[in-house]
Every structure is written in structure tokens, then in C-alpha cells.
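Inspection log for the structure reproduced underneath, given as C-alpha cells.
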Amino acid sequence: MSYEIVPGKGLGDLFFSQEDLNELVAEIQAEGRQVAIHAAGDRAVEQAQNAIAAALNGAPNEYRH
């Protein structure tokens with residue numbers, strides 16, 4: 001669960017929508033390349049994990065994403 005450090009000040013800024021990040025990670029995965037994502041904060045980490053999980057689509061992870 002994400003939380004605000006300072007109540008009412010938001011949860012930070014994401015640079016990609018979940019859909020855009022999913023597409024980007026899926027493209028990289030399809031090319032057989034590894035993904036490296038810098039994510040700071042609960043919301044960004046969750047977004048990165050969701051994108052990697054979507055790209056793997058239940059397949060084993062042969063890379064160190």
C-alpha cells in the first residue's frame with residue numbers, strides 16, 4: 001500500500017502511465033533484452049513490478065529483471 005510522507009502532498013510523480021510502461025517492457029522482453037528500471041517509492045516500485053509481470057505473462061523469467 002502506498003502512503004504519503006506528508007499528508008495531502010501526494011504520492012510523487014510517475015514518468016510513465018502503467019499502460020505505456022507495460023508496452024515498453026513488453027517490447028524489450030520480446031527483443032530478448034533485460035529491463036533495468038529505477039523506481040523510487042512504493043507506487044513506482046509497484047508500477048515496475050506490474051509491467052515486468054505483464055511482459056512475462058506467466059512465462060518463466062530467464063532474465064534478471
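Within the range 41-54, the set of residues being under 10 Å from the mean Cα position of the chain (by Cα) and among the small types (Gly, Ala, Ser) comprises Ala44, Ala48, Ala51, Ala53, Ala54. Scanning the range 9-42 for residues that are of a type outside the set (D, E, K, R), closer than 20 Å to Glu62 by Cβ and outside any loop (DSSP other than H, G, I, E, B) yields Asn22, Leu24, Val25, Ala26, Ile28, Gln29, Ala30.
For (1) surrounded by 10 or more Cβ atoms within 10 Å (Cβ to Cβ); (2) touching an Asp or Glu at 6+ places or on another chain (Cβ under 7 Å); (3) assigned to a loop (DSSP other than H, G, I, E, B); (4) at pLDDT 95 or above, each residue gets a yes or a no:
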residue: Glu4; (1), (2), (3), (4): yes, no, yes, no
residue: Pro7; (1), (2), (3), (4): no, no, yes, no
residue: Ala44; (1), (2), (3), (4): yes, no, no, no
residue: Ala59; (1), (2), (3), (4): no, no, yes, no
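Within the range 16-40, being more than 13 Å from the chain's Cα centre (by Cα), loosely packed, with under 10 Cβ neighbours inside 10 Å and not acidic (Asp, Glu) holds for Ala30, Gly32. Number of residues in the range 37-65 that are of a type in the set (Gly, Ala, Ser) and without any contact (Cβ under 8 Å) to a residue 12 or more places away in the chain equals 4.
The values are calculated or read from the model by the stated rules, or taken from the named source; none is laboratory data. From a predicted model like this one, the values you see are computed outputs, not experimental measurements. Counting neighbours? That spans all protein chains shown, and the Cβs are built from the backbone with ideal geometry, glycine included.
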